[in-house]
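Engineer: Right, I'll just put the structure down here and ask away after.
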Amino acid sequence: METANTNQVIVSILDNDFYKFTMQYAAIKQFPYAKASYIFINRGKHKYPPGFAEALRAAVDEMAKLKLTKAEKIFLEKTCPYLDPTYLDFLQGYHYDPSEIEISQDGHDLEVHIKGYWYRTILWEVPLMSLICELYYRMTNSERDSSDEVIANTRKKIEKYKELGITIAEFGTRRRHSYAVHQLVVDTLKKYGDGSFIGTSNVHLAMKYNTKPIGTHAHEWFMFHAAKYGFKMANSMGLEHWVDTYRGDLGIALTDTYTSKVFFEQFDKKFAKLFDGVRHDSGDPLDFADQVIAHYKSLNIDPTQKTIIFSDGLNPEKVERIAKHCKGRIGMSFGIGTDFTNDVGLDAMNIVIKMSQALPEGGYWTDVVKLSDEPKKHTGTPEMIELAQRLLDIPVSE
């Protein structure tokens, strides 16, 4: 098994989640002058060891050397025909610019800020989170399970999913234990997951293990649209621009940027027919499934011809419960992240990096928010969260 160079954590410019590239392409097409800023949120209150900021800075600086290789470009050409040649040429010339990132440390507290043109800075989030996780485990001398144990654990899970007769994708780049563990996981899924494992969100590993890169868009797509068009138009304009860009490809819509209830109020018959399905990322998955099925039925659309991608903190027990609830009622698939790539005998890290502000062309810097179906996952300033809740008629949780 090939493993990463001990001094290089991000080994390829494609060592990133697929939806970052698909959103980058859409941003270039639709909003080439837009700017964005992102902030690191330490949800788990992790204490970073002395020298962590310096180590992270050095790793980030190393990323400037990454370039799209000829073989990687050919892989994208063959696998993703909806990404046009001009974008692939752009990506071939792209390089990470470490000056877009500010990193500082005060005691055990880490601060990370990203700022620049949206089409450039959009690629930082996922590899940066991967770096933070891997460096944290390395610098705190945390000893993981052996590689044999990781393989056995992953094999047990994928065989369970095969028994359930469901399809799963690996979504664990952001909070993986390490690149080495990530490789072990995808290799094992590929070897033992025939009929169930359908791909990975990590484009580099999709190429390495000859599987499909999986993903569409993330919350920041709709967060930006709120900054440009207002909260009430964010979902509908975000969906319109996605359709304009991909013309029927990549047809899974994320529902919970401003709560799924608000999303489905705008997910009318046009969008419900144009999109292949929706993704669940917060809140009770069984309630969500019932909501989606009822919504399709209200539009005289057969739910069994549509798909829900479940992707919120999944493990075998949760997946089995969801699969039994949805079987025969609606199509389903599962994107499983941390439970694959950071189930190694250590506490998984609870960190995120989220867009905090956006600057649309001709506009001004505007705070952006995410109002998840799980209030604890809300991001943004209290003032802007309150404004969004008021404008969208979202009840304030106690």
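Engineer: From the list T216, T167, T188, which one is over 16 Å from the mean Cα position of the chain (by Cα), open to solvent by 10 Å² or more (accessible area, probe 1.4 Å) and of a type in the set (V, I, T)?
Structural biologist: Details: T216 fails: over 16 Å from the mean Cα position of the chain (by Cα); T188 fails: open to solvent by 10 Å² or more (accessible area, probe 1.4 Å).
It is T167.
Engineer: Take E320 and decide whether it is more than 23 Å from Y19 (Cβ to Cβ), open to solvent by 10 Å² or more (accessible area, probe 1.4 Å), touching a residue at least 40 places away in the same chain (Cβ under 8 Å) and not polar (S, T, N, Q).
Structural biologist: Numbers: more than 23 Å from Y19 (Cβ to Cβ): yes; open to solvent by 10 Å² or more (accessible area, probe 1.4 Å): yes; touching a residue at least 40 places away in the same chain (Cβ under 8 Å): yes; not polar (S, T, N, Q): yes.
Considered against the rule, which asks whether it is more than 23 Å from Y19 (Cβ to Cβ), open to solvent by 10 Å² or more (accessible area, probe 1.4 Å), touching a residue at least 40 places away in the same chain (Cβ under 8 Å) and not polar (S, T, N, Q), E320 comes out as yes.
Engineer: Can you tell me how many residues in segment 145-179 are assigned to a loop (DSSP other than H, G, I, E, B), hydrophobic (A, V, I, L, M, F, W, C) and either at pLDDT below 95 or farther than 28 Å from Y48 by Cα (or both)? Show your work before the answer.
Structural biologist: Start the filter on segment 145-179 by keeping residues that are assigned to a loop (DSSP other than H, G, I, E, B), which leaves 145-146, 165-167, 171-178.
From what's left, hydrophobic (A, V, I, L, M, F, W, C): 166, 171.
In the following step, the residues that additionally are either at pLDDT below 95 or farther than 28 Å from Y48 by Cα (or both) were identified as 166.
Residues that pass the stated criteria total 1.
Engineer: Next question, about the same structure. What number of residues in segment 244-265 are open to solvent by less than 20 Å² (accessible area, probe 1.4 Å), assigned to a strand (DSSP E or B) and either of a type in the set (A, V, I, L, M, F, W, C) or more than 14 Å from F224 (Cβ to Cβ) (or both)?
Structural biologist: 2
Engineer: Could you say whether any residue in segment 229-243 is among the hydroxyl-bearing types (S, T, Y), open to solvent by 10 Å² or more (accessible area, probe 1.4 Å) and at positive phi?
Structural biologist: The initial filter retains those residues of segment 229-243 that are among the hydroxyl-bearing types (S, T, Y), namely 229, 236.
Checking which are open to solvent by 10 Å² or more (accessible area, probe 1.4 Å) leaves us with 229, 236.
If we keep only those that are at positive phi as well, we get none.
Looking through segment 229-243, none of the residues is among the hydroxyl-bearing types (S, T, Y), open to solvent by 10 Å² or more (accessible area, probe 1.4 Å) and at positive phi.
Engineer: In addition: Within segment 292-314, can you find the residues that are surrounded by fewer than 17 Cβ atoms within 10 Å (Cβ to Cβ) and either touching a Ser or Thr at 6+ places or on another chain (Cβ under 9 Å) or not assigned by the TED database to the domain that holds R176 (or both)?
Structural biologist: Quick first cut of segment 292-314, residues surrounded by fewer than 17 Cβ atoms within 10 Å (Cβ to Cβ) only: 294, 297-302, 304-305, 313.
If the condition is that a residue be surrounded by fewer than 17 Cβ atoms within 10 Å (Cβ to Cβ) and either touching a Ser or Thr at 6+ places or on another chain (Cβ under 9 Å) or not assigned by the TED database to the domain that holds R176 (or both), then G313 is the only one that fits.
Engineer: I'm checking my understanding of the structure. Among residues of segment 330-381 that are without any contact (Cβ under 8 Å) to a residue 40 or more places away in the chain and touching a Lys or Arg at 6+ places or on another chain (Cβ under 7 Å), which one is farthest from I101 (Cα to Cα)?
Structural biologist: Only one residue fits best here, namely H378.
Engineer: Shifting gears a bit: Which residue out of S99, S104, S142 is at pLDDT 95 or above, among the polar types (S, T, N, Q) and either crowded, with 20+ Cβ neighbours inside 10 Å or in a strand (DSSP E or B) (or both)?
Structural biologist: Working: S99 fails: either crowded, with 20+ Cβ neighbours inside 10 Å or in a strand (DSSP E or B) (or both); S142 fails: either crowded, with 20+ Cβ neighbours inside 10 Å or in a strand (DSSP E or B) (or both).
Exactly one of S99, S104, S142 is at pLDDT 95 or above, among the polar types (S, T, N, Q) and either crowded, with 20+ Cβ neighbours inside 10 Å or in a strand (DSSP E or B) (or both), namely S104.
The values are calculated or read from the model by the stated rules, or taken from the named source; none is laboratory data. Keep in mind it's a predicted model, so treat the numbers as computed, not measured. Positions of Cβ are backbone-derived with ideal geometry, glycine not excepted, and every protein chain shown enters the neighbour counts. Side chains are part of the model used for accessible areas, which takes the heavy atoms of the whole protein and leaves out ligands, DNA and RNA. Shrake-Rupley method; radii C 1.70, N 1.55, O 1.52, S 1.80 Å.
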